[in-house]
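Notes follow the structure.
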Amino acid sequence: MTTLLEMKHVSKKYGNGTVALSDVNFSVNEGEFVSVIGPSGAGKSTLLRCINKMIQATDGEVIFDSVNISGFKGRSLRKLRTKIGMIFQNYNLVERLSVIENVLHGRLGYKSMLSGSLGLFTNDEKQQAYHLLEMLGLKEQIYQRCDQLSGGQKQRVGIARALIQNPKLMLCDEPIASLDPSSAKTIMDHLKNISDSLKITVLINLHQVDIAMNYADRIIGVSKGQIVFNGAPSQLTSGDIKTIYGSDASNLMINIENHDRVKVAEK
Amino acid sequence: MSMKEPPRISPAMTSAPAMIKTKKLTKSNIVIRTTMTVLALLTIYGFFTFNNQNLKFWPSLMATFANFKTVFIQPHFNHFTFSQAVEGVTVTLALGLLTTIVGAVVAFFLSLLAAENLTNKTTSNIVKTIVAIIRAVPTVLWVLIFAIAAGLGSVAAVIGMSFHSISYLTKAYSESFEEIDEGAIEALKATGAGWWQIVFQSIVPNALTSLISWTFMRFEVNFGVAVAMGAAAGAGGIGYEMFMAGAFYFDIREMGTITYFILAIAIVLEILSTQIKARIRI
Ligand SMILES: Nc1ncnc2c1ncn2[C@@H]1O[C@H](COP(=O)(O)OP(=O)(O)OP(=O)(O)O)[C@@H](O)[C@H]1O
Ligand SMILES: [Mg+2]
């Protein structure tokens, strides 16, 4: 297994003095499906954004694809970002534009300033967008404006926009937090499928521990800016949950033992 | 009496104070109240200290109404023809349109620098301050200032009106840009898109509705200003005809004609603007 991503002693202190991350170390292998869990304010979003440098870490190194990207700026940073797709809790689409226009935005990093600004995409790119939308079950909605879509559909557009970048890594910041359970399952299945069939590494922030355990190869638990758990879902104990979520753990209604039994029964 | 009354919460059961205020006395509240009180006092003081030059109120009012009646009931053409009036209106419209377009184009680029979410705080503050100073001086004054160099006439009017339009639209546009959800910018940044690409692929489509309605609003303002500039700065157009009719020939009937012309244009602009707004919102 080759390592795709490595975080070494990464720390982030915001301007107002908040320490969001302190000395974070972990690595992610190519093709792995890793879920980051932790309570609100633990630093999950900050962690994800330090990887594609939407947020600049104050300390430490980020190694992506064997290159130290900590000092990347300008052109090299833009080029790096084309290799890292990102999806968001609020989808972050341009609501006034059509589905396919939003998907094509994923190609902007590859385009010249002028052709990108004017939205001149090649036929190849449009074909690719079409295929991705077909794969994600949005063939009928291609020309629909994004403000007419449901939450689940919007998130699939978000996934298509990330996939058309041809990314090596997908960062997902609570992609299902605003969705109903059935749409959430569709999105999670798509992400898992992407990871399995396209061999894209997925790093996903989740609020729901049970979903993380169901889908992830590995779980990283974050609490107060520090990594307090890093291991396979089967290794996660109620004690770990307590360490990650603090005293709130009992309110989470997570029954790990029960969960394990379900998994065993499935096998 | 009915048998079962729903339990009611009596004041005694809660710990609420007897008198509950719905407004907290905040700093802004105090400022607003003080301002209103001062304005009310000034108004009363003003009415008591009018210098009415022994003008009789009722006869003067009647005379004014008589004038209105002449202006609006008996309009006529005297010193110019219908086609000349149309030409005058066209000139005035063109003046309004030109200054709005110049203002819109320049303001678009300035507002990108003024929007805090597109540049940094320092640049944004510098641009906003300059623009605020320009806006604080009325359009007419700008025209007169530029008239020093260009002489009274259409050149000074175009430059002065464009100047004020730029500052007005820069403020309006940059505020529309700042209202855009941070996520819409973040998402494109994360794909590796550059600044101009983000501007044209995310910012502009997101803010298009408000950009268009602000621009149209300014066009309506500029049309009105263009009428006044024709009269005050000799910029030509229907405003100049009005000035001549009113201050030179004392022909109030012709004033009536001109007023009707301007009214018609204003109505057409209003209808157009509602139509456009309704259409782009779909
Ligand atoms: N731009 C910012 N400026 C200052 N502090 C910030 C900023 N963004 C986040 N923080 C703080 O950093 C800490 C970590 O925030 P972060 O958003 O990474 O948490 P999170 O784990 O994603 O939480 P959630 O589950 O609610 O999304 C929090 O205490 C937050 O208040
Ligand atoms: Mg978050």
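The values are calculated or read from the model by the stated rules, or taken from the named source; none is laboratory data. Not measured: the values here are computed from a predicted model. Because the Cβ atoms are built from the backbone with ideal geometry, glycine has one as well, and the counts that use them run over all protein chains shown. Areas reflect the complete protein model, heavy atoms only, side chains present, ligands, DNA and RNA absent. Shrake-Rupley method; radii C 1.70, N 1.55, O 1.52, S 1.80 Å.
For the stretch A:47-68, does any single residue satisfy the condition of being open to solvent by less than 60 Å² (accessible area, probe 1.4 Å), away from ligand 2 (no atom under 16 Å from the Cβ) and among the hydroxyl-bearing types (Ser, Thr, Tyr)?
So far as the stretch A:47-68 goes, no, none of its residues is open to solvent by less than 60 Å² (accessible area, probe 1.4 Å), away from ligand 2 (no atom under 16 Å from the Cβ) and among the hydroxyl-bearing types (Ser, Thr, Tyr).
Given A:211, A:164, which one is among the hydrophobic types (A, V, I, L, M, F, W, C) and more than 14 Å from chain B (Cβ to nearest Cβ)?
When all the criteria are applied, what remains is A:211.
Of a type in the set (S, T, N, Q), buried (at least 23 other Cβ atoms within 10 Å of the Cβ) and either farther than 30 Å from residue A:180 by Cα or within 8 Å of chain B (Cβ to nearest Cβ) (or both): which single residue out of A:102, A:92 fits that description?
A:92
Exactly one of these conditions fails for residue A:118: (1) touching a residue at least 60 places away in the same chain (Cβ under 8 Å); (2) within 9 Å of chain B (Cβ to nearest Cβ). Give me its number.
So residue A:118 meets the others, but not (1).
If residue B:120 satisfies all but one of (1) open to solvent by less than 70 Å² (accessible area, probe 1.4 Å); (2) of a type in the set (S, T, N, Q); (3) free of Cβ contacts under 8 Å to residues at least 12 places away in the same chain, what's the number of the condition it fails?
Looking at each condition in turn, residue B:120 falls short on (1).
Answer yes or no: is there a residue in the stretch B:163-178 that is part of a helix (DSSP H, G or I), away from chain A (no Cβ under 14 Å), of a type in the set (Val, Ile, Thr) and under 19 Å from residue B:218 (Cα atoms).
Yes: one or more hits.
Of everything in the stretch A:158-172, what is closer than 15 Å to residue A:34 by Cβ and surrounded by 24 or more Cβ atoms within 10 Å (Cβ to Cβ)? Give them in sequence order.
A:170, A:171, A:172
Would you mind stating whether residue A:15 is over 27 Å from residue A:192 (Cα atoms), in a loop (DSSP other than H, G, I, E, B), open to solvent by 30 Å² or more (accessible area, probe 1.4 Å) and not aliphatic (A, V, I, L, M)?
Values: over 27 Å from residue A:192 (Cα atoms): yes; in a loop (DSSP other than H, G, I, E, B): yes; open to solvent by 30 Å² or more (accessible area, probe 1.4 Å): yes; not aliphatic (A, V, I, L, M): yes.
So residue A:15 passes the test.
Within the stretch A:72-81, how many residues turn out to be more than 10 Å from chain B (Cβ to nearest Cβ) and open to solvent by 60 Å² or more (accessible area, probe 1.4 Å)? Spell out the reasoning first.
Filtering the stretch A:72-81 down to residues more than 10 Å from chain B (Cβ to nearest Cβ) leaves A:72-73, A:76.
After this cut, where a residue has to be open to solvent by 60 Å² or more (accessible area, probe 1.4 Å) as well, the list is A:73.
Here the count works out to 1.
Can you run down the residue pairs with Cβ atoms below 9 Å, 6 or more apart or on separate chains, where the first is in the stretch B:52-65 and over 16 Å from residue B:252 (Cβ atoms) and the partner is open to solvent by 100 Å² or more (accessible area, probe 1.4 Å)?
Filtered contacts from the stretch B:52-65: no entries.
Rundown of residues vs (1) in contact with a helix residue (DSSP H, G or I) (Cβ under 7 Å, 6 or more places away or on another chain); (2) outside any helix (DSSP H, G or I); (3) at the interface with another protein chain (Cβ under 10 Å from one of its Cβ atoms); (4) open to solvent by 10 Å² or more (accessible area, probe 1.4 Å), yes/no style:
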{"site": "B:188", "(1), (2), (3), (4)": "yes, no, yes, no"}
{"site": "B:192", "(1), (2), (3), (4)": "yes, yes, yes, no"}
{"site": "B:200", "(1), (2), (3), (4)": "yes, no, yes, yes"}
{"site": "B:209", "(1), (2), (3), (4)": "yes, no, yes, yes"}
{"site": "B:222", "(1), (2), (3), (4)": "yes, no, no, no"}
{"site": "B:235", "(1), (2), (3), (4)": "yes, yes, no, yes"}
{"site": "B:244", "(1), (2), (3), (4)": "no, no, no, yes"}
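Select from the stretch A:4-42 the residues that are away from ligand 2 (no atom under 16 Å from the Cβ) and of a type in the set (Lys, Arg) and write down the one among them that is nearest to the other protein chains (Cβ to nearest Cβ).
Among those residues, the one meeting the criterion is A:13.
Could you say whether any residue in the stretch B:250-271 is buried (at least 22 other Cβ atoms within 10 Å of the Cβ) and not in a helix (DSSP H, G or I)?
Looking for residues that are buried (at least 22 other Cβ atoms within 10 Å of the Cβ) and not in a helix (DSSP H, G or I), one finds none in the stretch B:250-271, hence no.
If residue A:153 passes every condition in (1) more than 11 Å from every other protein chain (Cβ to nearest Cβ); (2) farther than 23 Å from residue B:183 by Cβ; (3) assigned to a helix (DSSP H, G or I); (4) open to solvent by 30 Å² or more (accessible area, probe 1.4 Å) but one, which one does it miss?
The one condition residue A:153 does not meet is (2).
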